[in-house]
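Working notes, beginning with the structure itself.
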Amino acid sequence: MHFGTQPYGHEASAFAKRELEGEEVRLELDVQKIDPYGRLLAYVYLPDGEMFNETLLEEGYAQVATFPPNVKYQERFLEAQREAREANRGLWGLPAGELCQQTDRDNGIGGGCSGSEPESPAASQSASPGSGGDSNLDCASFETHEEAQRVFEQDPSDPHYLDGDGDGVACEELAENQPDDQLPSVGSDLDCASFATHEEAQRVFEQDLSDPHYLDGDGDGVACEELP
């Protein structure tokens, strides 16, 4: 699908050309080399060690878009984007209508373009994550996956891009970081339906590899593979 030239696209392209032209860069790959759209996935490093991907986010020239399992620096990128949004830097300083056009690409990165226009990034910085009205939210705004999921379910168009892979589960990295004492007890009557994510099930499975709950049905050492 082609979305045409996005607002602030020319500025971002000029910045990248200015910073990278003539430079010898180093590429770091993640789990997968190619994303779902056939594009090379790589972290780009300048000779001084600066990661250019992060710089683009810090300066407001790009948005976070992760494609699991390629999430090595996801939290780092979300933090860089959060700071740029709070400072109205780069694309986040665009008027509301242009920002809406910039972020609404029919791929889950919505700006609330259906119906009324969204608030500008600066308009609702004081709103709490649970209110669903803060246009500056991202996964770094929440302490738990459950909090993020509640906000996501208030508007499944996902204007804050909490569900990066489009599977209906918001901020999965928060679920992965859930403390062990908040997971279902290994002594309880468990099955894969007891867990929200594969990672939660895997952590319980690894506490008792005899697998009394039959979480690893095919015996390959991976629990509840059907879960996100």
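Remarks
- Single residue of the range 47-69 satisfying the filter (among the polar types (S, T, N, Q) and part of a loop (DSSP other than H, G, I, E, B)) that is farthest from residue 93 (Cα to Cα): 66
- Among the candidates 200, 206, residue that is outside the structural domain of residue 78 (by TED's automatic domain parsing), surrounded by 15 or more Cβ atoms within 10 Å (Cβ to Cβ) and either modelled with pLDDT under 75 or over 16 Å from the mean Cα position of the chain (by Cα) (or both): 200
- Test result for residue 134, out of contact with any Asp or Glu (no Cβ under 7 Å at 6 or more places or on another chain), modelled with pLDDT of 70 or more and assigned to a loop (DSSP other than H, G, I, E, B): no
- Residue check, residue 65 aliphatic (A, V, I, L, M), surrounded by fewer than 18 Cβ atoms within 10 Å (Cβ to Cβ) and more than 30 Å from residue 143 (Cβ to Cβ): no
The values are calculated or read from the model by the stated rules, or taken from the named source; none is laboratory data. All of these numbers come straight from a predicted model, not from anything done at the bench. Glycine gets a Cβ as well: all are built from the backbone with ideal geometry, and neighbour counts include every protein chain shown.
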